[in-house]
Structures are given as C-alpha cells and as structure tokens.
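Below is one structure, written out as structure tokens; comments come after it.
The values are calculated or read from the model by the stated rules, or taken from the named source; none is laboratory data. All of these numbers come straight from a predicted model, not from anything done at the bench. Methodologically, a virtual Cβ is constructed for each residue, glycine included, from the backbone with ideal geometry; neighbour enumeration extends over all protein chains shown.
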Amino acid sequence: MIVDYYYSHLSPFAYLGHNVLLDLAQQSGLTINYKPLNLLKVFSETGGLPLGQRNPLRVAYRTVELKRWREVRGLELNIEARYFPTSPELADRTAITLAESGGDVGHFSALVFSAIWSMDKDIADKEVIADLIAQVGSDPEDVFQRLDSFALLYEQFTREAIECGVFGAPAYVLNGEIFWGQDRLDLLQQAAQSNRPPFTSS
C-alpha cells in the first residue's frame with residue numbers, strides 16, 4: 001500500500017510525526033510518497049491562516065499542544081525557533097528532488113526538521129541545506145542542479161493536495177482517506193493494517 005505524505009518543513013507538527021511515520025511505514029509495509037507542498041498557499045485556498053494572523057487563543061493552545069507532544073515524542077523542539085517563520089521552499093524542493101532521484105529523502109527531511117526546530121538553523125540558507133544533503137550521502141551540487149528539473153512538482157503537489165481535500169500539514173492520504181495531523185498516525189496505522197474500506201465524507 002502507498003501513503004501520500006503531504007508536508008512542509010515549516011510545520012513543527014510534521015516534525016513531531018515524521019520519524020513515527022517512517023517507523024509505521026516499515027512496520028505496516030507502507031510505501032511513502034513524499035509530497036512537500038506550499039503550506040501558505042494551502043492555507044490561503046482552504047481558509048487557514050499563518051500563525052501570526054491567528055487569534056491569540058488559538059496560538060496559545062498551539063503552544064500547549066507542542067509542549068505536550070514534544071514530551072510524548074521525546075524530541076527536542078524549540079517552540080520559539082530562531083528562524084521561524086522562514087521560507088521552506090529550498091528544503092521542500094530539495095526533498096522533492098531527492099525523492100525523484102532516488103536519494104534518502106526520509107532521512108533528509110528528518111535532518112531538516114531537526115535543523116529548524118531543534119538546532120535553530122535557517123533552512124532557507126543554501127549552505128545549511130547543502131550540509132544536510134551531504135549527510136544523507138548525496139552530492140549537494142548535483143542536487144541543486146536538478147532542482148529546476150522538478151520545480152513544477154512543488155506546485156503540482158500543492159494543487160493535488162487541495163483537490164483531494166487536504167487543508168493543512170502534515171496530512172497522510174491512504175486509499176483516498178485523509179488523516180490530518182501527526183496525532184492521527186495511530187488511526188493511519190489501524191487503517192493500513194485492517195485493509196478496511198476508506199471512510200469518506202459522502
């Protein structure tokens with residue numbers, strides 16, 4: 001079975017669920033389709049708001065949730081990351097390029113998430129991304145030269161996500177059924193292992 005994984009490296013919740021998804025896929029025999037997307041565009045077309053434009057009550061609750069899940073997942077997570085917000089496009093497009101070129105995109109994205117949310121690095125910095133590419137065994141210069149070859153996929157994944165009903169990240173789509181949020185990974189695993197028909201809104 002294949003799960004489409006829609007995410008942005010700008011999302012701390014995607015960070016919290018990333019390694020759990022990798023483990024789940026291995027345990028359940030799932031193949032992950034990595035599909036980084038333009039999260040701000042998804043928000044603008046589905047009624048979501050960037051963090052700075054949200055009601056203070058929603059922002060406060062987000063902070064509580066991040067603290068809770070940081071403890072549950074056992075991850076270091078700086079809720080007030082030094083380089084948030086920043087542009088995730090370089091990291092997102094690099095992940096797409098690695099996925100399309102047979103690189104270790106799962107490990108790369110894990111490193112990117114750690115860079116922004118744990119190590120206070122700017123993932124819009126090309127040197128930061130180059131170092132992470134090298135850490136997963138790929139050649140940074142070669143990957144950067146390939147970025148334009150897959151540039152259209154970033155927009156394609158964003159449009160595809162919206163059309164299938166995704167309105168935030170991370171979102172996992174299995175057999176057309178959307179599981180939104182890293183706190184739904186248990187439900188994703190149950191669906192994958194049960195082979196039940198997908199639940200839909202219709």
statement: The condition from (1) in contact (Cβ under 8 Å) with a residue 24 or more places away in the chain; (2) in contact with a Phe, Trp or Tyr (Cβ under 7 Å, 6 or more places away or on another chain); (3) among the aliphatic types (A, V, I, L, M) that residue 2 misses is numbered (2)
- request: Among the candidates 152, 111, single out the residue that is without any contact (Cβ under 8 Å) to a residue 24 or more places away in the chain and either part of a helix (DSSP H, G or I) or acidic (Asp, Glu) (or both).
  value: 152
- prompt: Of the conditions (1) closer than 20 Å to residue 21 by Cβ; (2) among the hydrophobic types (A, V, I, L, M, F, W, C); (3) in contact (Cβ under 8 Å) with a residue 24 or more places away in the chain, residue 84 fails just one. Which one is it?
  reply: (1)
Residue 62 more than 26 Å from residue 131 (Cα to Cα), among the charged types (D, E, K, R), surrounded by fewer than 16 Cβ atoms within 10 Å (Cβ to Cβ) and modelled with pLDDT of 95 or more: yes
task: Report, ordered by the first and then the second residue, all pairs with beta carbons closer than 6 Å, sequence separation of six or more or different chains, a first member in the range 166-193 that is closer than 17 Å to residue 36 by Cβ, and a second member that is among the polar types (S, T, N, Q) and at pLDDT 95 or above.
output: 167/46; 169/8; 169/11; 170/182
query: Taking residue 185, is it in contact with a Lys or Arg (Cβ under 7 Å, 6 or more places away or on another chain) and either among the hydrophobic types (A, V, I, L, M, F, W, C) or on the phi > 0 side of the Ramachandran plot (or both)?
result: no
task: Tell me which of these residue 172 doesn't satisfy, since it passes every other one: (1) assigned to a loop (DSSP other than H, G, I, E, B); (2) within 20 Å of residue 22 (Cβ to Cβ).
output: (1)
message: If I filter the range 16-43 down to residues being small (Gly, Ala, Ser) and touching a helix residue (DSSP H, G or I) at 6+ places or on another chain (Cβ under 7 Å), which single residue comes out as nearest to residue 69 (Cα to Cα)?
response: 17
- request: Give the range 94-108 a look and list any residue that's among the acidic types (Asp, Glu) and outside any loop (DSSP other than H, G, I, E, B), or say none.
  value: 100
